[in-house]
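None of the figures in this text is laboratory data; all of them are computed from the coordinates on show. Predicted model, so just to flag it, every value in this text is computed and none were measured. Positions of Cβ are generated from backbone atoms using ideal geometry, with glycine treated the same way; all protein chains shown enter the neighbour counts.
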Amino acid sequence: FRAIKTPEEIKNLTVACDIASRAFEKIIKDIRPGVTEKYVAGQVSGVAHSYGSMVSFPTIFSQHGEIQHGYPSMNVLEEGRLALCDAGAETMNNYCSDNTRTMPVSGKFSQRQLEIYSIVEECHDHALDVAKPGVKWADVHFSVCRLLFDRMKELGLAKGDTEEAVKAGAHAMFLPHGLGHMMGMDVHDMENLDQINVGFDEEVRPNLEQFGTNCLRMGRRLQEGFVVTDEPGVYFIPALIDDWKASGHCAEFLNFDKIETYKDFGGIRIED
Ligand code: GLY
Ligand code: MN
Ligand code: MN
């Protein structure tokens with residue numbers, strides 16, 4: 001079963017990660033006002049190919065990080081915006097990597113961007129602290145969601161009891177996807193087997209009812225040799241804000257008036 005990676009496979013995955021990190025080093029230099037999203041995304045392919053590799057999936061690159069899997073457009077990068085790049089390399093023997101970085105187009109975060117970035121970074125690091133063999137990945141996910149919700153409360157965007165809020169799914173206003181997935185010879189490893197057979201088992205079943213939680217690709221207990229991505233994000237999705245505000249969904253946990261002032265923010269994800 002491909003879930004447990006051998007040391008040889010880990011070596012191949014590390015090569016895929018190293019190539020992608022060179023691609024990220026390249027695009028950090030290319031990102032500036034006036035260049036198109038497609039130009040920057042193309043550099044990722046160029047670097048991957050120059051190391052005898054290819055991209056592990058079509059590069060996600062967008063100033064609209066709040067749109068999940070937003071592919072690069074011919075729009076030019078604009079001063080003051082954020083650019084989210086989610087990309088990976090695939091080695092000649094098909095081992096994949098998958099990383100995300102979100103960068104300020106002007107080279108410097110605004111105060112508001114830095115506040116949200118720091119929260120995402122803290123969530124990312126928190127997952128690394130909590131995750132270890134024997135721990136359910138779903139518990140890592142929800143631990144991150146609680147931390148994120150606490151931080152949103154500190155910014156005045158959320159309110160109420162954090163435990164109750166996360167149970168109700170209020171955090172999905174900001175983080176509507178799962179914390180991560182297995183990675184290997186597929187970037188979402190073995191997804192053709194159907195995610196329910198890969199990321200879940202008899203003990204940990206998916207919750208297909210709750211918005212956000214139904215997007216978890218994985219929940220099962222971690223074992224030594226698993227390779228899983230750690231990819232928290234904070235997004236401000238105008239359509240979701242309008243929808244929940246109009247219906248009053250989770251209104252006891254969210255300060256919609258304050259959240260609305262972030263409608264032009266975009267989204268931030270960090271993935272390793
Ligand atoms: N690159 C797709 C993902 O992060 O799952
Ligand atoms: Mn990714
Ligand atoms: Mn991923």
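So the values come out like this:
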quantity: Rounded FRET efficiency, nearest 0.05, which uses the C-beta distance separating LEU114 from ASP139 and R0 of 35 Å; calculated: 0.75
quantity: Most to least packed among 93-99, 35-41, 69-75, 260-266 [average Cβ atoms within 10 Å]; calculated: 93-99, 35-41, 260-266, 69-75
quantity: Structure-based [θ]222 nm, the chain - -39500 (n - 2.57) summed over DSSP H runs of at least 4, per residue, nearest 500; calculated: -12000 deg cm²/dmol
quantity: GLY88 long-range amide H proximity, modeled H, under 5 Å; calculated: SER56, PHE57, ASN99
quantity: Separation of alpha-carbon centers, region 195-209 and region 72-131, rounded to whole Å; calculated: 28 Å
quantity: Angstrom value of the Kirkwood radius, inverse mean 1/r, which spans all Cα pairs in region 114-272; calculated: 16.0 Å
quantity: Most positive-pole-ward Cα, GLN113, HIS124, VAL228, against dipole of the chain from beta carbon charges; calculated: GLN113
quantity: From phi via Karplus (6.51, -1.76, 1.60), per-residue ³J(HN,Hα) for region 259-266 in Hz, x at Gly/Pro; calculated: 4, 4, 6, 9, 4, 9, 6, x
quantity: Selection from VAL47, THR36, MET74, by position along the positive dipole direction of region 26-91 (Cβ); calculated: VAL47
quantity: Rounded FRET efficiency, nearest 0.05, which uses the C-beta distance separating MET74 from GLU203 and R0 of 35 Å; calculated: 0.15
quantity: Positive minus negative residues near ASN75 (Lys, Arg vs Asp, Glu; Cβ under 12 Å); calculated: 0
quantity: Backbone HN-Hα couplings from phi across region 19-26 [Karplus 6.51/-1.76/1.60, Hz, Gly and Pro as x]; calculated: 5, 5, 5, 5, 5, 5, 4, 5
quantity: Charge dipole (region 153-220, unit charges on Cβ, about Cα centre) - positive-most of GLY169, LEU216, LEU179; calculated: GLY169
quantity: Extension gain, GLU191 back to ASP18 (0.36 nm per residue minus Cα-Cα distance, nm); calculated: 59.9 nm
quantity: Cβ charges +1 (Lys, Arg) and -1 (Asp, Glu), total dipole of the chain, debye; calculated: 500 debye
quantity: Amide hydrogen neighbours beyond the local backbone of ASP189, cut-off 5 Å, H modeled; calculated: MET182, MET183, GLY184
quantity: Virtual spin-label span in nm between ASP125 and ILE4, 7 Å along Cα→Cβ; calculated: 3.3 nm
quantity: Region 222-230 - phi-based ³J(HN,Hα) in whole Hz, Karplus 6.51/-1.76/1.60, Gly and Pro as x; calculated: 6, 10, 4, x, 5, 10, 10, 7, 10
quantity: Residues whose placed amide H lies under 5 Å from that of LEU254, excluding near-sequence neighbours; calculated: LYS159
quantity: Two-site FRET efficiency, PHE211 against ASN255, from Cβ-Cβ distance with R₀ of 22 Å, rounded to 0.05; calculated: 0.70
quantity: Reach of LYS38 by Cα under 18 Å, taken over lysines that are not fewer than 8 positions away in the same chain; calculated: LYS26, LYS29
